[in-house]
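Undergrad: Mind having a look at this structure? Questions to follow.
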Amino acid sequence: MEQAQNRFAADPAVRVTAPALRRRGPASTAQGRRSRDRVLQASVDLIAEAGIDQVRLTTIAQRAGMSPGQVMYYFTSKEHILLEALAWLEHEDTRRRRASLRKIDGAWRQLARFVDQFLPASPVDPSWLLWIEAWARAPHNPEVSSFLDELMLPWREDLAQIVERGAQLGAFQPPDAIGDFTIRFCALLDGLAIFHLRYVPSLPRHRVAELAMDAARAELTTATGAASPSPATLPS
């Protein structure tokens, strides 16, 4: 996947905005961007503390130190705030992930770090709570569905680059189609994460990561028998 080359070096983390209509003017200034970011940070904090169902426009405004009218000056609805908050978090995750991956040598260690950063950090990880909320809307809203596809693209591109580099170095058996592998593996991580969060919350997070790496080994271990690192050698 040629377009994935040099992603970590270039670090082109571009903020994705929600598909809902927005009042663009105020957010085009530095002050406007700061005010919008205050609303988004307030939303993320409240989601982590109380859950999405308990978050109201008035509580977001109070936490941001603004009036509901001021919040609506930048956003059109609570749903718009939540989608923008998800994009805001994903933008920061992409920036941090690429900076972290640049510091790691070895394809298997990079893949382990990718898995670690993909999975929920905690049962109240706001990014994951927002993803689950957005997924529930996607089947009935093509714009939201396209929006989520766009947010997932940096993850898949970064994974593709890890696999390409690993194949070039002989650490990985190259999959028949890297694009198909990135879909399969990200879907696997999504499923393991939801299983961890919703069905078996007592399943230790490190065990979820091990299951993901076991699946990667089954697909990417080279035919010559080159082994992936043991869990003890993977980045913490």
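The values are calculated or read from the model by the stated rules, or taken from the named source; none is laboratory data. What you are looking at is a predicted structure, and each value in this text was computed from that prediction instead of being measured. Positions of Cβ are backbone-derived with ideal geometry, glycine not excepted, and every protein chain shown enters the neighbour counts. Please note that ligands, DNA and RNA were not included when accessible areas were found on the heavy atoms of the full protein model with its side chains. Shrake-Rupley method; radii C 1.70, N 1.55, O 1.52, S 1.80 Å.
Undergrad: With θ set to phi - 60° and the Karplus curve 6.51 cos²θ - 1.76 cosθ + 1.60, what are the ³J(HN,Hα) couplings of the range 87-94 in order, to the nearest whole Hz, using x for Gly and Pro?
TA: Those phi angles translate into 4, 4, 5, 5, 4, 5, 4, 5 Hz.
Undergrad: Sticking with this structure for a sec: Can you list the residues, at least 5 places off or on another chain, whose amide H is less than 5 Å from the amide H of S77, using H built in the peptide plane?
TA: none
Undergrad: Then there is this: May I ask you to evaluate 6.51 cos²θ - 1.76 cosθ + 1.60, the Karplus curve with θ = phi - 60°, for each residue of the range 191-199 and list the ³J(HN,Hα) values in order in whole Hz, giving x for glycine and proline?
TA: Taking θ as phi minus 60°, the curve returns x, 4, 5, 5, 4, 5, 6, 9, 9 Hz for the range 191-199.
Undergrad: Accessible area of I162, 1.4 Å probe, to the nearest 10 Å²?
TA: 0
Undergrad: For D176, D190, D45, write out the residues from largest to smallest accessible area, computed with a 1.4 angstrom probe and no ligands counted.
TA: Correct descending sequence by accessible area is D176, D45, D190.
Undergrad: I would also like to ask the following. How high is the relative contact order of the range 134-195, in percent, with contacts defined as C-alpha pairs under 8 Å that are six or more residues apart?
TA: For the range 134-195, the relative contact order is 22 percent.
Undergrad: Still on this structure, I have one more. Please calculate the 1.4 Å probe accessible area of E92, with all protein chains present, and give it to the nearest 10 Å².
TA: Result for E92: roughly 50 Å² accessible.
Undergrad: If you plug each phi of the range 140-147 into the Karplus form 6.51 cos²θ - 1.76 cosθ + 1.60 with θ = phi - 60°, what whole-Hz ³J(HN,Hα) values come out, in order, with x for Gly and Pro?
TA: Computed from phi, the couplings for the range 140-147 are 10, 9, x, 5, 5, 4, 5, 4 Hz.
Undergrad: Once you order the gyration tensor axes a ≥ b ≥ c over the Cα atoms, which shape class does the range 174-221 get: rounded for a/c under 1.5, otherwise prolate or oblate by comparing a/b with b/c?
TA: oblate
Undergrad: Turning to a different aspect of this structure: At what distance in nm do the modelled label points of D180 and D214 sit from each other, each positioned 7 Å from its Cα along Cα→Cβ?
TA: That separation, rounded to one decimal, is 2.5 nm.
Undergrad: Also, I was wondering about something else. Q173 versus R34, label points 7 Å from Cα toward the beta carbon: distance in nm?
TA: Taking the simple label geometry, Q173 and R34 are separated by 5.6 nm.
Undergrad: Give me the number: length gained by fully extending Q41 to L188, i.e. 0.36 nm times residue separation minus the C-alpha to C-alpha distance, one decimal in nm.
TA: Fully extending the segment from Q41 to L188 adds 50.0 nm.
Undergrad: Give the long-range amide H neighbours of F172: residues separated by 5 or more places, or on another chain, with amide H under 5 Å away, using H modelled in the peptide plane at 1.01 Å from N.
TA: A167
Undergrad: Assuming a viscosity of 1.002 mPa s and a temperature of 20 °C, what translational diffusion coefficient in µm² per second does Stokes-Einstein assign to the range 97-195, Rh being the Kirkwood radius over Cα pairs?
TA: Answer, rounded: 147 µm²/s.
Undergrad: Heavy atoms only, probe 1.4 angstrom, no DNA, RNA or ligands counted: give me H206, H140 ranked by accessible area, highest first.
TA: H140, H206
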